[in-house]
Amino acid sequence: MERVRLERLGAVLLAVVDTPPGHSPDLAARRDLLELVQTCRSRPDIRALALLSNGTLPPAPPGAGPDPTAEDGLAAVCTALETLEIPVVAGLDGAVESGGAELALAAHFRLAEPGARLCWPDIALGRLAGGGGSQRLVRIAGAAMALDCLLGGRPLDAAAAEAAGLLDGVVRGDLTEAVVGLARRLAAAGARPRPSGARSEGLADVAGARAAVAAARRARGAGKAAARLIECVEAALVLPFEAGVGFELAAAAELAAAPEARALTHLKRAEVGASGPELVANQPLRSVALHGLGQEADALADGLLAAGREVILSEPDPTALSDGLSRVGARLATAVAAGTLDAAGRAARLDKLSSAARLQDIGGCDLLISASPLPAQRHASAVSAMRAVFGNGVLEPGPVSCGEGAFGLFATAPATAPGVVEILPPDAATATSIAALRDLLLEIGFQPVLAGKRAKRPIAGRLAAALLAASEHLLEDGARPRDIDRTLEAAGFACGPLRLFDRAGLGPILAWRREAASRRDPRDRYVTILDVLCAAGRTGRDAGQGFHDYPEGIPEGVASAEVETLVASARAAAGLEPRRIEPDEILRRCRLALVLEGIRLLEDGTARSAGDIDVVAVCGLGTPRAAGGPMFEAAEGGLAALREEFRALAATEDARFWTPPPHLDRLIDRAGAAGRG
């Protein structure tokens, strides 16, 4: 066997399966497992099977998997294992995910190390694992637990899994010895298998199960994968086990072939590739100084402390320093009150927090992050290794200067989530220093995106500027702010573009525009709406008014009649008559503006790949995840058709804005050559 190593231990056969991390069996392992089942069936002297996997193979690409209905697919392997006439005891360690978790449930008995975690992340890819897990989970642990595991995608630790009946014990000592020992005892006692599909303790509370299904439907909305998964859980309540597995298998096959699964798989692979996975760090960054960041330091400090890093908060203003420390303390107090952090954990984090009013008081640290570039003589004694400048990606549409030898870190988030941090390395950056910074960002919850070698500005700023320009054109042509935001949010955007800019602040965007005015081609369309709003004091959410009004208690804002009047006056000053603009046109022009700028980002080397652009758009600007990002969505529709759309807009709307760059022709030629090859 290629993937399964066997050892005979009396009446017990020990099988150790080579798998990637997460323990999902690949094609070779699944075929070996099917052969293993046949071996056990043909050998009456084998009276129990002990099954472990090692997670030592390289990680599989996200979404890599067989046709769920294949004869050597996951469902076939799980069914074969579960229907063995001898007890099967599985040992679990580390993260046991997707196919690994399905295989574990197909075993008759399960033991796990304390650090083991069961997890079904397939919903994030618009898929089902397809091994029958929805049916087994319901029968063992109930519909509510099954829905939480399958829909949430959150790991279930060993203690919780044991309490739910999914584990038969948590092993403090050697896992292999414990699994083999249990298998020997079962064999000696002549014990019969205990198939998960035959269990019924999870079906006892029928009313509770139906209530859990109804609640999941209300909470999950109309997402196709979530809807099908809920149907599978519901099927477990009413169908015989074999019919329920068949129902799940059909759903898994349907979802695997759906456009949403392709889009989500593309995006997940792009997220892995965006951070430069080929780079390897020599050692982690253990101490970080945050200098002059103000409230921008709060989330960074919180994440760094949670990751066990030493944090030095540095502010030249004593009041600002005291306020910053107080905000960090308030975040820790909130975590304690919410039950996500205990008193000992709070004390441990505070023990790693210190402050410094002056840079020279910081002492040696691994990384110094500042709000603006620092003169070399000011930081030479303060930091021994790396420096970085931290900024808001949305507010950096133009070239940025981080100072000699410093990284640029530009964060963009659609709401309160950590979001994306783009890494703009200095020319002298080493691969190991980039990898160390990437690893730190991943550990504290950010999605890193490594910029292209010729990048002079963040991707998010360029995309945001294009989206703002398209939105302003729509406003000047006759749309209202509420129309634009409502349309894009209905299409799956996490936040309407005008709300996004209100949150970032309109003043800095206008300041950059004015600074760049001398470089602007006079033939370009210039919309004065932003100037008019800022002149009226409407500078964004922090001011209580921007494109929308933000009364206390309504952070998402409400439509403003004053803004519609100001927009009408700006439109009249430009000599334009408003026209009715339908939602389809709003969505089309905003999406195409993102794609157009994406092509330019590839052309000038700011982005390393189209996938990187999609990651920034989805994780940073909040474009619909289920669409895979603007570049993927455009490619799915065909690049030649995309070019025709741009040409049509250039002919009817604004030739300067919509004429596609020559790089699109090159992309079409490459796609044609690849197709012919």
Charge dipole magnitude, Cβ of K and R +1, D and E -1 - the chain, Cα centre, debye nearest 20: 320 debye
For the range 87-149 versus the range 1-15, the gap between their alpha-carbon centres in whole angstrom: 23 Å
Residues TYR526, TYR550 arranged by fewest to most Cβ contacts within 10 Å: TYR526, TYR550
Residue exposure sequence - ARG457, ARG8 - by fewest surrounding Cβ within 10 Å: ARG8, ARG457
Degrees between helix 583-603 axis and first principal axis of the chain (Cα, 0 to 90, nearest 10): 90 degrees
On Cα atoms only, tilt of 639-652 relative to the major axis of the chain in degrees: 30 degrees
All aspartates and glutamates inside 12 Å of LYS453 as judged from Cα atoms, apart from same-chain residues fewer than 8 positions distant: ASP427, ASP604
DSSP-assigned coil residues among GluC sites (Glu not before Pro) in the range 504-583, each with at most 13 further Cβ atoms within 10 Å: GLU552
Relative contact order, percent, the chain [alpha-carbon distance under 8 Å, six or more residues apart]: 10 percent
Between 0 and 90°, nearest 10: helix 224-238 axis offset from the chain longest Cα axis: 30 degrees
Low-density loop positions, GluC sites (Glu not before Pro), the range 239-295 - DSSP coil, at most 14 other Cβ in 10 Å: GLU278
Whole-number percent relative contact order across the range 199-299, with pairs defined as alpha carbons under 8 Å at least 6 apart: 16 percent
Highest to lowest packing among 74-82, 424-432, 173-181, scored as the average C-beta count within 10 Å: 74-82, 173-181, 424-432
The range 42-121: relative contact order as a whole-number percent, Cα under 8 Å and 6+ apart: 30 percent
5 angstrom amide H check on ALA289, placed H, neighbours 5+ away: ILE312, LEU367, LEU368, ILE369
Residue exposure sequence - GLU422, GLU102 - by fewest surrounding Cβ within 10 Å: GLU102, GLU422
The range 518-677 - Rg over Rh from alpha carbon coordinates, Kirkwood radius: 1.02
Unit charges at the beta carbon, dipole of the range 287-459: most positive-side option, LEU321, ALA451, LEU293: ALA451
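Every read-out reported here was derived from the displayed coordinates using simple, explicitly stated rules and does not represent laboratory data. Since this is a predicted model, take the numbers as computed values, not measurements. Every residue, glycine among them, receives a Cβ derived from its backbone with ideal geometry; neighbour counts consider all protein chains shown.
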